[in-house]
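Here's the structure, in structure tokens; my notes come after.
Computed from the coordinates by the stated procedures, all read-outs in this text should not be read as laboratory data. This is a predicted model, so every value here is computed, not measured. Ideal geometry is used to build each Cβ from the backbone, glycine not excepted, and the neighbour counts take in all protein chains shown.
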Number of protein chains: 2
Amino acid sequence: MSLATDAADQPTLYKRIRADIEKRILTGEWPPGHRIPFEHELVARYGCSRMTVNKALSELAQAGLIERRRRAGSFVRRPQHQSAVLKIADIRAEITALGRTYGYELIHRKLRTATTADRDRLGVKKAGKVVAITCRHSADNVPFAVEDRLIDLSSVPNAATADFSREPPGSWLLHHVPWTEAEHTISAIVADERTAETLDIAVGAPCLVIDRYTWRSARTITAVRLLYPGDSHRLVARFKGG
Amino acid sequence: MSLATDAADQPTLYKRIRADIEKRILTGEWPPGHRIPFEHELVARYGCSRMTVNKALSELAQAGLIERRRRAGSFVRRPQHQSAVLKIADIRAEITALGRTYGYELIHRKLRTATTADRDRLGVKKAGKVVAITCRHSADNVPFAVEDRLIDLSSVPNAATADFSREPPGSWLLHHVPWTEAEHTISAIVADERTAETLDIAVGAPCLVIDRYTWRSARTITAVRLLYPGDSHRLVARFKGG
DNA sequence: TTGACTTATATGTCTAGACATATAATCGTA
DNA sequence: TACGATTATATGTCTAGACATATAAGTCAA
């Protein structure tokens, strides 16, 4: 292990230690299961304190590249192909990022007491008030996605008076509701008549479906279903080990 | 900020500090843009050293919950709905995890010099050797997914002699190729005649498509297309802020 | 008002120790 | 041989300092 290699562009020591180890794992020099040097060995090798080495190894462990076991040492983990970061961009941002003109249109909005189906969809028990919204996003005046959303007013009372004819509910929620958790389910369907008409595609054409449930501290906020024409839209998920 | 709350189940101090701050962000008490206390203030509040506070804040920054700016302080970031962790499980693991019987069948295997289409798909320039594989995964003897794969033999020479009639290429690669990076593209199509027959679904039925490109240190390893019946398969991506 | 210079300060990294704790390895006993 | 107790050790957390560095804010001159 060369101590001084590219020290110029790796200013801090712990980052260099981390990069050195990462490189050995990526090239396969240290295969899955391989025990990487003990902290005290790296301390001797780099001539630094244990805290510095520990910081490097802790970050590698957090990134999932290595596994640390007390008394035993640190080991290279097997690659986990199955975990990937999926970027589901805000639709407006996604379209403008492509250099196209974003268009939005509210199709339907209704304030009602939650039906059984609504409660099911939101995963709540009490029959509070909800807002149901259907709207359409377009890029350069071509339909891009149709959105079908339910907002729980007991969690987000302000949504009752928000003007969703001007601003998409997704953007509004992003700006008015604090940090959230979300779960996305992705599937494929074929367009029924109503969907086909709204998206201006053929009946029976494939559609990518994203169902997103959002909540905050165990409180449901919103449930949304997004339908994209399947042949024109793609979701990209990128995985990087470390 | 109560110092002693649930200290019993939060054994270490830095984790408690992290959890305390995370809670305030999640509940909206500290909205996006809010400046969280300076390190020296938290040091005074918790009666610990700065390194302990620093570790808690560094992890929150790494998780994307806060942003740290020199001289200015640390600030709550806006929620980023668009980022989610997608778990694309190894198919065998996915099926056995559901308590169903995994089945595998090699449909086609061919070793050839890369065609123009192959080179395009793998993103390589030179016309080396490749292995093309078509196979089928099933759960309880019902077709689950059809896989169409290309392996670059200049990156993975061993794949030329591997027995893919017994072991799925995905599993084989997982065990024989070191750490990798991958990019997934998800889209929807309708089943053509050949796909419909292989998956035992109707022609025109919706299918979820996952295209995965895998490489290691800028070397392409494999390109694979997985087709799932769209109505029976769902991908779940979960986002958790922090 | 604007631009250049200076200063104060919060974070970034690091040290040389310390004790805690989980557990692999060893030893002793039934 | 099998099992229970002991010990050694690598990691986990923490301290009370230190200097480095980016930059917000203030100062001063053109």
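Considering every pair of different Cα atoms, what Kirkwood radius, in Å, is found for segment A:1-158?
Mean inverse Cα-Cα distance, inverted, gives 20.8 Å.
Quick one, what does Rg over Rh come out to for segment A:115-154 if you take C-alpha atoms and the Kirkwood Rh? Please list the in-between numbers first.
On the way: Rg = 13.5 Å, Rh = 11.6 Å.
Expressed as Rg/Rh, it is 1.17.
For helix B:13-26, report the angle its Cα long axis makes with the longest principal axis of the Cα atoms of chain B; keep it between 0 and 90° and round to the nearest 10°.
On a 0 to 90 degree scale, this one is about 80.
For B:Ser155, what charge total do you get from the other residues with a beta carbon under 12 Å from its beta carbon, if Lys and Arg give +1 and Asp and Glu give -1? All intermediate terms of the calculation are to be shown ahead of the outcome.
Numbers: positive: B:Lys126, B:Lys129, B:Arg216, B:Arg219; negative: B:Asp152.
Net of charged neighbours comes to +3.
Between copies, how far does the label point of B:Lys129 sit from its twins, in nm, shortest first, when each point is 7 Å from Cα along Cα→Cβ?
Nearest to farthest, the other copies are at 7.2 nm.
Pop the C-beta distance of A:Gln62 and B:Thr113 into the FRET formula with R0 = 56 Å and round what comes out to the nearest 0.05.
Numbers: r = 43 Å, r/R0 = 0.77.
Step by step, r from the Cβ atoms, then E = 0.80.
Suppose you put the label 7 Å out from Cα in the Cβ direction; list, shortest first and in nm with one decimal, how far A:Arg100 is from each other copy's label.
3.5
Please report the projected area of the protein assembly as shown's Cα convex hull averaged over all directions, in nm². Please report the intermediate quantities before stating the final value.
Details: hull surface 109.0 nm².
For the protein assembly as shown, averaging the hull's shadow over all directions gives 27.2 nm².
For every helix of n ≥ 4 consecutive DSSP H residues, a contribution of -39,500 (n - 2.57) applies; sum these over chain B, divide by its total residues, and give [θ] at 222 nm rounded to the nearest 500 deg cm²/dmol.
Values: 7 runs with 64 residues, N = 242.
For chain B, the value works out to -7500 deg cm²/dmol.
What number do you get for segment A:13-76 when its Cα radius of gyration is normalised by 2.2 N^0.38 Å, N = residues?
Details: Rg = 10.6 Å, N = 64, 2.2 N^0.38 = 10.7 Å.
My calculation over the Cα atoms of segment A:13-76 gives 0.99.
Report the relative contact order of segment A:13-76, percent, no decimals, based on alpha-carbon pairs under 8 angstrom and at least 6 residues apart.
Details: 61 pairs, mean separation 26.7, N = 64.
Relative contact order, segment A:13-76: 42 percent.
If each label sits 7 angstrom from Cα along the C-beta direction, how far apart, in nm, is B:Val236 from its counterparts in the other copies?
For B:Val236, the inter-copy label distances come out at 2.8 nm.
With contacts defined as alpha carbon pairs under 8 Å and 6 or more residues apart, what's the relative contact order of segment A:1-130 in percent? Write out the running numbers ahead of the final one.
Values: 96 pairs, mean separation 23.8, N = 130.
Rounded, it is 18 percent for segment A:1-130.
Between the helical axis of A:50-62 and the dominant principal axis of chain A, each derived from Cα atoms, what acute angle in degrees is found, rounded to the nearest 10?
40
Just the number, please: Stokes-Einstein D of segment B:151-242 in µm²/s, Kirkwood Rh from C-alpha pairs, 20 °C, 1.002 mPa s. Don't skip to the answer; put the middle values down first.
On the way: Rh = 15.3 Å.
For these conditions, the coefficient is 140 µm²/s.
Just to be sure I follow: if Rg is taken over the C-alpha atoms of segment A:85-238 and Rh is the Kirkwood radius over the same atoms, what is Rg/Rh? Intermediate values should be presented prior to the final figure.
Numbers: Rg = 15.3 Å, Rh = 16.1 Å.
A ratio of 0.95.
In a Gaussian network model over chain A where Cα atoms closer than 10 Å are linked, find which of A:Ser138, A:Ser171, A:Ser74 has the largest mean-square fluctuation.
Top of the fluctuation ranking is A:Ser74.
Relative contact order of chain A: what whole-number percent is it, with Cα pairs under 8 angstrom and at least 6 residues apart?
On the way: 385 pairs, mean separation 39.9, N = 242.
Reported relative contact order: 16 percent.
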